[in-house]
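Okay, so here's the structure we're looking at.
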């Protein structure tokens, strides 16, 4: 039997996080404390919906989460189909159980959890004004990142081209891989021209060049684009297996980017990977502004996939009131240090 407690928290960003949907200063999360009433063992998971983005970021979020928690208690396990419409809730629940069953923050036995191998990650350049983005790019290059992802669509496009030109002046495509994320900022009419202009910088890929929901327009872009397109927001709210198949077969992207909090938890992300690989579509894993509770869960699972290309796993370090986990970014890799003491989660959650 299990008992589940819901603990809401507001996290505060060290510096404003700019996206195409606005600027985040704080974010609301719900931690799940799952206890096995027979053994006393516990696990902690993080439910972290993003306002105006997550399909389950609804006003009655906590009431739905409470109902699902009671259902898990009664059934003594997770009904994954019942959770399909609520990806961030499923992610929190399934990772709390992973923590409980593992008995530590090492959810799986991998070289990453053993501390002998890091996960390659990209250096993320948040949206900002030209000077802010320029400074952030310089910092990432100094730190030794070999893959840099630049969020575009917030400032003048010519200025964004100037930032990319600055990187390419100093580093060849062999030295630094460049990715850009438009967060749907381009119009379908303007996107082909902008992709052609971006192509001179030898980009690895562009995420979500046009707004989600325009499947036919996105399909035409993917077919004609001079470099690969990756889907991100396009996958949000597409929770049923058959609908996922329809999306992949209609758009035929080169990549999909999977954020468990947004795309069906680990359960749903595995399904996306299976369906994509069957159609020759590659993927990588990204966190979505979770605290270290969620980031560790994503990284522990990501390591089981043996990633060979940079993943998007660095955002748990953005908060002033984060919990201290044995996670460290060293060079261009995320590392787990098992020799470090695990945090007192009861103290962190004031239990």
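The values are calculated or read from the model by the stated rules, or taken from the named source; none is laboratory data. The structure presented is a predicted model; accordingly, all values stated were derived computationally and were not measured. Please note: Cβ atoms are built from the backbone with ideal geometry, for glycine as well, and neighbour counts cover all protein chains shown.
Only one of these is out of contact with any strand residue (DSSP E or B) (no Cβ under 8 Å at 6 or more places or on another chain) and modelled with pLDDT of 95 or more: 48, 57, 76. Name it.
Step by step, each of 48, 57, 76 is checked, and only 57 is out of contact with any strand residue (DSSP E or B) (no Cβ under 8 Å at 6 or more places or on another chain) and modelled with pLDDT of 95 or more.
Could you check, for region 188-209, whether at least one of its residues is in contact with a strand residue (DSSP E or B) (Cβ under 7 Å, 6 or more places away or on another chain), farther than 25 Å from residue 124 by Cα, assigned to a helix (DSSP H, G or I) and free of Cβ contacts under 8 Å to residues at least 40 places away in the same chain?
No, that holds for no residue.
Which is under 27 Å from residue 247 (Cβ atoms) and more than 19 Å from the chain's Cα centre (by Cα), of 151, 194, 159?
194
Just to be sure I understand the filter: pairs with C-beta atoms under 6 Å, separated by 6 or more residues or on different chains, first member in region 123-139 and in the same structural domain as residue 310 (by TED's automatic domain parsing), second member part of a helix (DSSP H, G or I). Which pairs pass?
Cβ pairs passing all conditions: 123/140; 125/133; 125/136; 125/137; 130/159; 133/163.
Tell me, which helices (runs of 4 or more DSSP H) wholly within region 237-351 include 1 or more residues that are assigned by TED's automatic domain parsing to the domain that holds residue 204?
By residue number, 241-251, 265-277, 292-303.
Quick one: count up the residues across region 100-116 that are out of contact with any helix residue (DSSP H, G or I) (no Cβ under 8 Å at 6 or more places or on another chain) and surrounded by 15 or more Cβ atoms within 10 Å (Cβ to Cβ).
Total satisfying the criteria: 3.
Which residue out of 191, 154 is surrounded by 17 or more Cβ atoms within 10 Å (Cβ to Cβ), farther than 23 Å from residue 309 by Cβ and at pLDDT 95 or above?
191
Residues of region 128-141 being part of a loop (DSSP other than H, G, I, E, B) and within 24 Å of residue 177 (Cβ to Cβ), which ones?
Within region 128-141, 128 is the sole residue that qualifies.
Can you list residue pairs whose Cβ atoms sit under 7 Å apart, with the first residue in region 148-162 being farther than 23 Å from residue 312 by Cα and the second being surrounded by 19 or more Cβ atoms within 10 Å (Cβ to Cβ) and at pLDDT 90 or above? Count only pairs 6 or more apart in sequence or on different chains.
From region 148-162, the pairs are 157/194.
In region 33-48, what residues are farther than 12 Å from residue 265 by Cβ and under 21 Å from the mean Cα position of the chain (by Cα)?
44
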